[in-house]
Amino acid sequence: MRRTPLHFYLCLTLFGALLLHTDRARAEDPEDIVVIVHKSVAKKEVTIAELQDYFLKNRLSWPDGQKVVPINVKEDTPLRDAFRRRVLGMTATQENRYWLDRKIQSGHKKPPELGNTVKAVYRIKGAIGYTYRKNYKEGVVTIVFVLPKE
């Protein structure tokens, strides 16, 4: 059987479509960590560096001037540990030490820790938090970043 350039391009197109489908399925894994913001926040995407600044209170306002209100999930949960490690690049001990130093130096307290961050972000203007995709509610809050399941 003679292979033609058309045959090659058809195979390549099919392979590309399969890759996109696989990537899309991965991006929608219920165990992905989604970073969410209140509907009042105009920013629709953030970077890891921006997340670090918001959750470590190095940036206190959104680009439009609205106050940033970071909200963590409760301590000693797998979600908190994963977020801390993958976004902040810290262990629990390092994070606690960071907040002790910040309180002494500038009076900043660590973000509140709540069990239901979706509800908190929904209710607090300027809020940013995170949850598993399976807990995300379409139309209630906005996803600005996705950390794929490890």
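Taking the Cα centre of the range 48-150 as origin and assigning +1 to Lys and Arg Cβ atoms and -1 to Asp and Glu Cβ atoms, the resulting dipole is close to 220 debye.
As a ratio to 2.2 N^0.38 Å, the alpha-carbon radius of gyration for the range 61-130 is 1.15. A protection proxy built from the mean count of other Cβ atoms within 10 Å ranks the segments 102-111, 78-87, most packed first, as 78-87, 102-111. Here is the P(r) of the range 31-147: all C-alpha pair distances, binned every 10 Å from 0, give 14, 50, 32, 4 in whole percents.
Of the peptides 88-100, 132-144, the ranking by mean beta-carbon count within 10 Å, highest at the top, reads 132-144, 88-100.
Only the coordinates and a few stated rules stand behind these numbers; no lab work does. A quick note: this is a predicted structure, and the numbers were derived from the prediction, not measured. In this analysis, Cβ positions are derived from the backbone assuming ideal geometry, glycine residues included, and neighbour counts consider all displayed protein chains.
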